[in-house]
Every structure is written in structure tokens, then in C-alpha cells.
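One structure is given below, encoded as C-alpha cells.
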Amino acid sequence: MSLKVYNVLSRKKEEFIPLEEGKVKMYACGITASGDAHIGHAYQAIIFDVIKKYLEYIGYDVTYVRNYTDVDDKIIIKARELGVNPMDYANKTIKKTDEELSRLFVDKPTIESKATECISDMIFFIEKLIEKGHAYSTENGDVFFKVSSFSDYGKLSNRIVDDSLSGVRINIEPGKLDDKDFALWKNAKDDEIYWESPWGPGRPGWHIECSAMGMKYLGETIDIHGGGRDLIFPHHENEIAQSESLTGKMFSKYWLHNGLIKVNGQKMSKSLNNGILIEEVLDLYNPEVIRITLLENNYRSDMNIVDGIFEIYESKIYNIYKLFYLIDDLGKNLKSNKNSEDFKIIDSNFRKAMNNDFNTSVAISDIFEYVNTINKLIKENNIQRMVDIKYALVNIYKVLGLLGQEPNKVIEEIKNKYLKINNISEEKINNMIIKRQRYKEEKNWNEADKIRDELYSKRIIIKDGSKKTEWDIDIPFKQKNGNF
Ligand SMILES: [Zn+2]
């Protein structure tokens, strides 16, 4: 089965055929360095990270370019508020975001470029657009793209450009001939940061940045252009207009857009103060918990983060790694069979899910089927198959950035988190278990039960085995059905 992707440009699922056999040129819009990155930024970065990793998994040589907008109005305003240099502020923000994305197991793109590293490419691009009659400069030193000069305008967002309003509205920007026209170059105001240009000192508009960088690193036509759904209009529409006006060629064959993040059903916004920063979730959860929660959603639909959702996946990740720990222990003298039947089945199921427009949701629900199988194999004492399934899961699901951590590390991390929350130590738990054992030997069931209940109030569950009593944490969520 071949890969099918939903192309926003054609509004249908299409077979993915790259421009050049075996190679994929992909561009995704990156982050504007105007503040701390939030979970919406993480969502987009994780999705395009998975798309890149999957394309590589099925054999493509992928060149993935992502930009950082390091000069724009918001950055300038923020830096002014803080009394710092805007470039220093942007660089500091980029460094912090890079570290956070790396903690989320998001690989670095092949090429990461800052807007300010490509100013001369953008100036050249704009000069060519003026030469071709697609852009004009004003007395103030601004340059605008002339939307009416590009007849395909609106093809991505499926908008019909309405000319009836032209010239009716009062233009806020002096020299702009039509409301729909957008800035390619902005003249520098007062003490703003600027670069020299044929139109005087100024800085590039936001849209031109992605067209210039995409073309610089990937060529005039690329295979995949990605970004959040909120970028379709005007950002991506404008990228198409300026790029295709310049070259006369299609800018990107496939346009892929991810859905947006909602928090308890509402859009994240400053006024609601419901934004979730990446650093906040990283402080609370293992990166895999964040990844699996976000990827369990289909990338094209909105992701609704409801209270308690991370705990559901935290519990699942915890249980998977406990199984992995057990398999490592039972199978320590066995070698994994890399060509096992289980590997073939897991790989084939994974490809089937992912070839259907990167359906990570199905790929993740498959994991829990394999967990069921492992639980059956434990009863059958079929250790070799357990070892083989674990090997397949670790090596296939690394495409989603899942299941590749050291089991003990994840188990300890989650366990310690809940011990800390419930203010109890391992030593205390072990002492209480010894005390309970003594009561049991004395047949003082009342006191023994009291200890069990006290531990349970701290969310510690004890299990009496034939040889010894073991304890575990009880992650605070209740799931109606399922295996966990
Ligand atoms: Zn962009």
C-alpha cells in the first residue's frame, strides 16, 4: 500500500508521489521567537517530526527545512518592554525553545534557518517581484505585494477574492493601493531594528520569509509544505502568491495542516489565560506521555486537552514500561529475533495506519493490542515471543518518538513523582509493609488492614504474592474500560 496524504490544496486524499524519486523536500513554518513556546507549538513540531521520521522509515531521503522568525512586531515590542536588544531577545527565546523541543524528542530539522540570516535573499526576491509587476514600493519605503496581479489568489484557502470593496475602505497603511495587498518590506520606524535595502532601511514582512527560505534551501517547487491550520490564510495563501508569481511554477505539491490545540474545549488565548507552556508540561510529565497524548489524536483534527488527559496516558506509558522491564528481566539470556513473524505483522500494521495520511491514532491503539498479546504470552511463558515483540515495538515506534527509553528510568521517574505528591518515601512504605507482616503473623487482621488502608490513602497499592508483598503506585485516574 502506498502512502496517501490529505492535500489541503486539492481538498482530498492523494497518493504521495514526490517530484524526484526517493527524495522529499519538506518545509514547515516554525516559531516566532516572541515568547515562551506553548503546547500548540509542540503539537506542530511533533507532527512534522513524525511525518519526517515516517517518510525516512519508508525509505525516502528527506530534506526538512524549518524557520525561526527572529524579527517581527511582537519581538520588537517585547524586547522594548524588557529594555533589551530585539536580536538578543529572539536568540535567547530560540535557544530555550530548541532545548524544550529536544526534550520532547523532536529531532532537529535538516536545515534550521533564522529569518535574519536570509535578508539578502528576501530583498532579491522582492526586487524580482517589483520587476515583474507583482509588487510596488511606496514613498514611505514600504513594499506591498499586488494581490490582484495573481489570478490564483485564494486557491489554498478556497476564498473568492472580493474586489467590490477595493478602494472603499480607508487604508491604514499609506501608499497601499488595495486592502488585500500585503507587506513584503516594512520601512523602519523611529529606533527600530533595520537592514539597508533599495527602498531604504527596514525589515522584511513575515510571509516573504518562508517563500525565500523555502526556495533558497529546497528549490522553486517543494514536495510538502506544512504548518498549523491557522496559517492557511493569509500566511500560506500569500506564500503561494509571491512564490508562484516569481517563478511561474507550483510552489508546493502537497499542503499539510495540523489542527489546533484547545484546552477544555476552548481555544488557547491570552484573554482566557488558559495557555499551556511546553516547560509547564515537561515539568509534570515524561516527554513520551506528552507525545502519546498528542499523537493519539488525528493530526488534522483539533486536539482537546481536558483535565486529567495526561494522567491517562501517563498510566499507559507506566504500564508499558513495566511490561518492558519484566520482558528484559525474563529474557535476559535470550536474543531478539529481528526477522520474527511478530516483527513483520507489527511493521505491516504500522505502515497500514501511517500510509493512511499518517494515522498515528490507529498506530497507537495497535500498541495496546500488542500489550494484550504480551499479557497472554506471560501466562503461556513464551518468553522468546515477548522479547521479539518488544524488539519490534521499540524499533518501529521510534518513528513516533515512543517506547525507546530505558524502562527503569521511566518507571522510577513516574513512581518518584507520585511518592513526592503523596509525601511518602520508599523506606516508609517498606517499613509499613514489614509492620503489617508482623500483624498478619500475629493474626491481628484489624491492625494489618489499617496499614493497608493508610497506604492506599497515599495511593500505594500492596499486592501479597506467594513469596513476598509488593507495592506499586496508583496513578490517579479512572478509566471505564480497557486493559489498564
Ligand atoms: Zn511560514
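The values are calculated or read from the model by the stated rules, or taken from the named source; none is laboratory data. Just so you know, these numbers come straight off a predicted model, no measurement behind them. Cβ placement follows ideal geometry from the backbone for every residue including glycine, while neighbour counts extend to all protein chains displayed.
Annotations
- In segment 336-384, the qualifying residues are those that are modelled with pLDDT of 95 or more and basic (Lys, Arg), and the one that is surrounded by the fewest Cβ atoms within 10 Å (Cβ to Cβ) is 379.
- In summary, strands (runs of 3 or more DSSP E) completely within segment 199-312 and bearing 3 or more residues that are within 16 Å of the ligand (Cβ to nearest atom) occur at 222-228, 252-258.
- Filtered by the rule that a residue be away from the ligand (no atom under 15 Å from the Cβ) and crowded, with 18+ Cβ neighbours inside 10 Å, segment 61-72 gives 62, 63.
- Within the option set 37, 28, 42, being touching a Phe, Trp or Tyr at 6+ places or on another chain (Cβ under 7 Å) and of a type in the set (A, V, I, L, M) holds for one residue only, 28.
- Only one of 71, 84 that is in contact with a Ser or Thr (Cβ under 7 Å, 6 or more places away or on another chain), outside any helix (DSSP H, G or I) and either more than 20 Å from residue 256 (Cα to Cα) or outside the structural domain of residue 229 (by TED's automatic domain parsing) (or both): 71
- From the options 3, 9, residue that is outside the structural domain of residue 216 (by TED's automatic domain parsing) and within 16 Å of the ligand (Cβ to nearest atom): 9
- Residue satisfying condition, being over 18 Å from the mean Cα position of the chain (by Cα) and within 16 Å of the ligand (Cβ to nearest atom), within set 58, 94, 75, 31: 75
- Candidates in segment 174-198 are the residues that are over 18 Å from residue 145 (Cα atoms), modelled with pLDDT under 95 and charged (D, E, K, R); of these, the one that is nearest to the ligand (Cβ to nearest atom) is 192.
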